[in-house]
1. Which whole-Hz ³J(HN,Hα) couplings does the range 213-228 yield from phi under the Karplus relation 6.51 cos²θ - 1.76 cosθ + 1.60, θ = phi - 60°, glycine and proline marked x?
2. What FRET efficiency would be calculated for the residue pair Arg41, Lys178, taking the C-beta separation as r and a Förster radius of 41 Å, to the nearest 0.05?
3. For Asn289, project a label point 7 Å along Cα to C-beta. Then give me every residue of the range 332-359 with its amide nitrogen under 15 Å of that point.
4. State, to one decimal in nm, how far the label point of Thr10 lies from the label point of Gln111, with both points 7 Å from Cα in the Cβ direction.
5. Pop the C-beta distance of Asp335 and Ala160 into the FRET formula with R0 = 35 Å and round what comes out to the nearest 0.05.
6. I'd like to compare 367-380, 106-119: which one has the highest average count of other Cβ atoms within 10 Å, and what's the full order after that?
7. Going by the alpha-carbon gyration tensor, a ≥ b ≥ c the square roots of its eigenvalues, is the chain rounded (a/c under 1.5) or, if a/c is not under 1.5, prolate (a/b greater than b/c) versus oblate?
8. Between Ala153 and Asp137, what is the spin-label point distance in nm, taking each point 7 Å from the Cα along the Cα→C-beta axis?
Amino acid sequence: MARHVNAPVTRVVVIGTGIVGLNVGLRLLREGLQVDFVDPRPPGSGASYGNAGVIAVEAAVPTGMPSMLSGAPGFLLRQQGPIVVKPAYFLQALPWLVRFLSACRPHRVEQISTALHSMTRFALEEYERLFADLGLDDDIRRTGALMLYHTPASFQGAQAAIQLRRRRGANIEILGEKEVRDLEPASGPVHRGIYFPDYASLDSPQLLCRRLAERASTLGAIFHEAEVRSIVVAGGRPVSLHCSDGRELRLDGAAVIIAAGAHSKGLAADVGCDVALDTERGYHVEIANPNITLGRPVLVSDGAFFASMMQGRLRLAGTVEIAGLQREPDWRRADRMVDRARIAFPDLRATEWTRWMGFRPSMPNSLPVIGASPLVSHAYVACGHGHLGMTLGAVTATLIADAILGRDPMLDQNPFAPRKLRSFNPRIHDARAHRSTHSPKGNKPCNSSNTRP
């Protein structure tokens, strides 16, 4: 039975036009709500642009595993591995790292895995429903995915994750070298492979974002090109958004949904949510004319990156670098993936490629934050999806829609619920709101024209 809602929401403002924000907004449009999107860049230009395009329905394994507790000094200090922390950012990242290591304890890993599985098991089902409604069935490839392990040591090191997946009921097949080559002829010598038949993938994550934005526009969504710096709260609810150029977007009773990816932490704090968010900088390389073709995404486990065909090019995407939002990219990490891909795929021709770096919005416990603010009404958070933003975009949209419309959720939301920010002071926010509502006439609202994405 749906719970009673005191003040029904008829309009929402979604901050962020990545895969999560677009899914949320589009779902609410289909529910009959009015939707505005606010983002300084075109839809799908952030982390959603550069990911591996995998819908990982068996991804019930957190980034932090028990083996990392004993190996913490090594993976924190070495600068050549798949997970690195830049020395200049270490002190700033320390609170996040402490929580990350705490989440690596065996009992916490089991709890986190169970919570992740509760969402990922619906991932493909929710996307298929969305795509069927929107006529976008051709955007998804149901080819499964393959993980390669080139040495006995790397396969042995994966046993804990394999068993964790099996405890969650994952549909996986262990393959020998011949079976791997039969499935993916471009692969070189391997020790073992793991095939995930239920995985799906996309030919272009950015193109999907653009199509979702176009469909949202045809359904009446308004796109505002603006960077939101803060949310003003008064009377226990958000009243306006302050933009980076000094302009103001008044909400006029609309609910606000924070889906700004790596930039969500401060905005969540504005509505009383403690989001322990930091960023994992991920890299990708796209190789033109690679001379090989893959039938599905292939994870090269020894290099911790996915190789996937995208619009005729080979994209290598992965690695984890903890270095914040301001530091320059370390392009050596991208080039290193090319070197490892040449080993994994001996016939690969890599003479021409482009490089990209983006920011995964990551929580230390690998669990996204989804739900209503515990302190401010008409304020919701949908961020922190880490490596699973593409996978969980449609499921997140359903959870947010259930919360806004007062319906019983499709799954237990407690593991993902926003926590109260202890330092939140409503009086300060009320004072800021008073000043903003009496601002000079020259403080114009952010552009609200119905722009096409």
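Every number in this text was worked out from the coordinates using simple rules, so none of it is lab data. Note that the coordinates shown come from a computational prediction; the quantities given were computed from them, not determined experimentally. Please note: Cβ atoms are built from the backbone with ideal geometry, for glycine as well, and neighbour counts cover all protein chains shown.
1. So the J values, rounded to whole Hz, are 5, 4, 5, 4, 5, 5, 8, x, 5, 10, 10, 9, 8, 7, 9, 7.
2. Values: r = 46 Å, r/R0 = 1.13.
E(calc), rounded to 0.05, equals 0.30.
3. Only 348-354 fall inside the zone, counting backbone N under 15 Å.
4. 4.3 nm
5. Numbers: r = 30 Å, r/R0 = 0.87.
Once the sixth-power term is evaluated, E becomes 0.70.
6. Working: 367-380: 22.4, 106-119: 18.6.
Highest to lowest by the protection proxy: 367-380, 106-119.
7. Numbers: a/c = 1.74, a/b = 1.61, b/c = 1.08.
Prolate.
8. In this crude label model, Ala153 to Asp137 measures out at 4.9 nm.
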